[in-house]
Each structure stands twice: as structure tokens, then as C-alpha cells.
Amino acid sequence: MLKGMEELLPGHFIICSQEGFLQKSYWKLESLPHRDSYGKTIEKTAFLVKDAVTRQMVSDVPICTFLSGGVDSSLVSAICAGELKNRADASPPFPLTLWTMTNFSKPTPSSRPRIVPS
């Protein structure tokens, strides 16, 4: 790589002064034994995921999600849909035709991707 360059470790920061550089840790991940039951683990994980998604749904514009087809984006979209159902200010869903990258392979007018309401 570059001569004299060193890696800054995750969870660390550097203080630069005339005396040189001082690397300090601000966060450290500790591995602890897992003691919860299977049911409790599912309950905690479900709460944490739903809480993380709903905290990100604070918005002054309509909320949308991008579905890549993976489990994570599907989960985020499902949680958002469930939360939006309960909101009085929610816009009605607007289903769109899904497009794949093959729709972008031919730049002719007839093959241009269009967003078409279902």
C-alpha cells in the first residue's frame, strides 16, 4: 500500500499532536455466553429489528422501501407496511410493476423501462 501508513482499527480514533499520534479505543465488542431460551431470543430479536426499522420511519415525506429480493429488504418492507397500516396519515400503497436489469439491456424506445401502476 503506502509506505508508513497504518490501519486504524475498528472502534478506535486517533489524536494527532506535535508529539505524534495516539490511538485510543472508544468501543469494544465483548462476547458473552448466550443464556436466553430459544423463545426469548426470538422475542428479543423481533423487538430489536422492529424497533430499528420503526425508528427510521420518522419522515415528513412519504416513506418507501427498495426491494432487492433478499430477506433483509423484504423484512424491512413488511415491517414498514404493517406500521403504515396503523397510521392515519399514511398514503395508500401504490404497487408498481417490478423491473429487472434485463429491462435495461436494449436502449430502444419499445424496451425502455416504464413504471406502470398495477
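Please treat every number below as a calculation from the coordinates, not as lab data. Please read these numbers as outputs of a predicted model, since none were measured by experiment. So basically every Cβ, Gly included, is an ideal-geometry build from the backbone, and we count neighbours across all protein chains shown.
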### Task
Would you mind checking which residues have amide H under 5 Å from HIS12's amide H? H placed 1.01 Å from N; only 5 or more apart, or other chain.
TYR26
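Within a Cβ distance under 14 Å of GLN23, other residues only, what is the Lys/Arg minus Asp/Glu net charge?
Numbers: positive: LYS24, LYS28; negative: GLU6, GLU7, GLU19.
Within the 14 Å Cβ shell, the charges total -1.
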## Note on the structure
Here the gain from full extension of ILE15 to LYS50, 0.36 nm per residue of separation minus their alpha-carbon distance, amounts to 8.9 nm
### Message
Which aspartates and glutamates, if any, have their Cα less than 14 Å from the Cα of LYS44, not counting same-chain residues under 8 positions apart?
### Response
ASP36
### Task
Run down the lysines and flag those whose C-alpha is under 21 Å from the C-alpha of LYS50, throwing out any fewer than 8 positions away in its chain.
LYS40, LYS85
### Message
What do you get for chymotrypsin sites (Phe, Trp or Tyr not before Pro) in the range 1-86 restricted to DSSP loop and a cutoff of at most 13 other Cβ within 10 Å of the site's Cβ?
### Response
TYR26, TRP27, PHE66
### Query
From the Cα gyration tensor of the range 16-90, with a ≥ b ≥ c the square roots of its eigenvalues, which class applies: rounded if a/c is under 1.5, or else prolate if a/b is larger than b/c, or else oblate?
oblate
